[in-house]
Every structure is written in C-alpha cells, then in structure tokens.
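What follows is one structure encoded as structure tokens, with my remarks underneath.
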Amino acid sequence: IEPTAAHPPGYTIYLSLWSLLGADTVTWHRFAGALLSATVVIPVGLLLRRYWGDRTALIGMAIAALHPPLWMNDALILSESMYVPLAAWSLWFAHRAWDEPSVRRIVELTVVLSIGSLTRSEPFLMFFLLLAPMMLFHPRLAWPDRIKRTALAAGLAMLLLAPWVGRNLATFDEPTFLAVGPGYVLELGNCDDTYSGDFLGYWSATCDDGSAWPEGDESVIGAAKLERAQDYIGDHVGEVPKVVAARVGRLLGLYRPLQGVDLDVFFERRVRAHVEVGLVTHYALMAAAIPGAVLWRRRSTLLPLAAVAGTSILTAAITFGIARYRIGADVVFVILGAVAVGHVLDRYGPPASRRPADPLPA
C-alpha cells in the first residue's frame, strides 16, 4: 500500500513465496523460518569436514541443530532465520576463496554477501571486514591481482544491489540505500535511559520522545531520528566508551545476563526455558571457542570467523546490546566449539579419520 524500506527485502521475498503457495498464516511463516534456519547444518558440516574430518563435522552439525540461539528467533518471523545459514555459507565460501583465490571463488563469495546484504546489514559490513582484507592481503596473490579481484567484487556487488538501491533512491525523499532503519534504531539506543541506570547499553522506548517525527515519508523521519541520535552522542562523547562496553557486554551475556533473560522474554517474546538453556550453552560454546580458535589457526586463517563474529559485536557497539544481534557470532562459536570438542575426542576418544574430506590446494 505504501512504499517502505524499513528492512532489506530478502526475508520478505522468501516468505512471499510461501504465501503464493497458500501458506500465508503466522504458523506457516514460522515453519518457513524454522525450515530455513535449520539448513545451517549444511554449511557448518561442509566447513568442519573440509578441515577436521567427519567426526568433528557431525559434532558441529549436532550442536548447530540443538543450540537454542540459532532457532529461538524463528517464532518471531524475523530475518535472523535467513541470516543464520547465510552467515555459515559466508564462512564456507570465504574459506574456499582463501584456499583458492580464483576469480570464480571471489564471485561466489560476493554473490553470497550480496544476498546477505539484501537480508540484513551485517553481511554488507563483511565486504569491508572480510572480503576486501582477505583479497588485499592474501599472501599468494601479487598486488595487481589483489586489486583486480577486489575491484571485481566491488563492481559485482554494486550490480547485484543496484535494483533495490535504485528503487529506494527513486522512491524516497531522503537518500536511502539498503534501508531507512539506522535512524530509528540509533534513536532508541541513545538517550539518558540507555546511558545510565537499568537500561544501560540496552534500548528504551522513552528515547523516542516524539520530537523527531516530521512530515514526510519514512526516510524523512529516519533522517530526523538519525540527526537527533547523532546530536545526543555528540553531547555525551565522554560516556560513549562506558555505553559501548555495556552494549557488547549485554550482547555476549557478560553484563547483567539475568536481566537480559527477563528482557528477552518480555520484549523479544522468547520462551523463558529456551532463553535460560541458550544462555548456558552460549557460555559453554564461547569458552570452548577460545581453544577452538587456537586449533583453527593451525590449519587455516581466522579472518572469516573473526569478521563474522566482529560484525555482530560492531553492530551491538553502534546500536544496543540484545542477544538477537549475536546471531553471526553464535554461528562462529558453534564452529569453533565443535573443533575443540572434536580435538578432545581425537586425543582421548576412539580413532577417527582426521584427514579433510576435500583436498586443499598446496
């Protein structure tokens, strides 16, 4: 009825396909999200099998299927259901591009990140945190090849994103690219209530006092809210480090975790038992990810894993800390946690093949 760019269109288009088939109810759309997020086991298994063998791959797939943070969002009908497998596929294609930095591999990774950018903002950040650094500093590429591949990825990404971005630029009064959301989100995370007190590092509805609602479409309103948030940040620069630390702490469950459980149940409409079990398994996987990262570094680069987890942390640092924003890092913790568990079983369990399933280039 009215044009919107509140979110990129990827997940909406996916759900519309179900609606076209007659599955146009809340229950069916929840099922559609659950079916999509469940496919995360495929890229997780492929990636772990490539470097660590069948047993570690099966461990990682089982953890990915059972870990509550990877499926709790499906009932909310939000784009996290699509981002869960996209984050894992990004890791799979990024590692293939690292092992074989050919034009084909770069194109594959660029396509995946572009599809992700049409779903959520985090994959767009990975063009700068993952793809560009990986190509510009790849040890087996000469500088001319590094620049050519980076330029190719940039050009292809712009081509793939052009239809949506062009539609937004032509539709809205204020310049709008992937979404109009930043202003709306930043306003809710930057006010007195979120810079101190019970909601430090979180968001608060009181941050929106109604002053940033000018006449115009949603891009005009979003621009006004963004300006208001920037003004508040500028007036409280000295408090920003404390607030950012609280946001990241909330994201990782290290700051007021029990309050975070209550907020997840109330605002995010999650089931309390799921949240509580998810918090425990999150702590276990995050701890296991530390030795897992050390082991991973012996066989491949940590750059893709760090980039995917880093986008989650950066998103929370800029906006506010809620567990739902941790979804990319959750996928990374699952993978690295599986590596740690598999390593223990390799040393103390029954024998299993440690050879990667796919031959890696020399």
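The values are calculated or read from the model by the stated rules, or taken from the named source; none is laboratory data. Note that this is a predicted model, so its numbers are computed, not measured. Reconstructed Cβ throughout: ideal geometry from the backbone, glycine too, with neighbour counts over all protein chains shown. Accessible surface is based on the protein model in full, side chains and every heavy atom, while ligands, DNA and RNA are left aside. Shrake-Rupley method; radii C 1.70, N 1.55, O 1.52, S 1.80 Å.
Across the chain, the relative contact order, built from alpha-carbon pairs under 8 Å that are at least six residues apart, equals 23 percent. Among Val112, Val277, Val244, the residue with the largest mean-square fluctuation in a Gaussian network model of the chain, with springs joining Cα atoms closer than 10 Å, is Val277. Per residue, the average separation of C-alpha pairs within less than 8 Å and at least 6 apart gives segment 4-130 a relative contact order of 28 percent. Please give the helix 303-318 orientation as an angle from the longest Cα principal axis of the chain, in degrees from 0 to 90, rounded to the nearest 10. Computed tilt is about 20 degrees.
What's the local net charge at Pro69, with K and R +1, D and E -1, over the other residues with C-beta under 9 Å away? Counting the neighbours of Pro69, the net charge comes to +1.
Computed about its Cα centre, the charge dipole of segment 1-160 is approximately 600 debye, with only Lys, Arg, Asp and Glu carrying charge at their Cβ.
Between Val26 and Ala162, the contour length at 0.36 nm per residue exceeds the Cα-Cα span by 45.8 nm. Could you state the angle between the C-alpha long axis of helix 240-251 and the longest principal axis of the C-alpha atoms of the chain, as a value from 0 to 90 degrees rounded to the nearest 10? Roughly 60 degrees between the two axes. Measuring nothing but protein heavy atoms, the accessible surface of segment 95-254 at 1.4 Å probe radius is 66 percent carbon and sulfur. The long axis of helix 327-348 is offset from the longest Cα principal axis of the chain by roughly 20 degrees. What you get for segment 69-201, charging only the Cβ of Lys and Arg (+1) and of Asp and Glu (-1), is a dipole of about 1000 debye around the Cα centre.
Is the C-alpha gyration tensor of segment 138-265 telling us rounded, prolate or oblate? Criteria: a/c under 1.5 is rounded; beyond that, a/b larger than b/c is prolate, otherwise oblate. Since a/c reaches 1.5 but b/c is at least a/b, the shape of segment 138-265 is classed as oblate.
Starting from the residue with the highest accessible area, list Lys242, Lys225, Lys148 in decreasing order, probe 1.4 Å.
Values: Lys242 95, Lys225 5, Lys148 135 Å².
Ranked from most to least accessible, the order is Lys148, Lys242, Lys225.
Helix-derived [θ] at 222 nm for the chain: sum -39500 (n - 2.57) over DSSP H runs of at least 4, divide by residue count, nearest 500? Walk me through the numbers on the way to the answer.
Numbers: 17 runs with 240 residues, N = 362.
Theoretical 222 nm ellipticity from helices: -21500 deg cm²/dmol.
Surface exposure of the chain, expressed per residue as accessible area with a 1.4 Å probe, stands at 46 Å².
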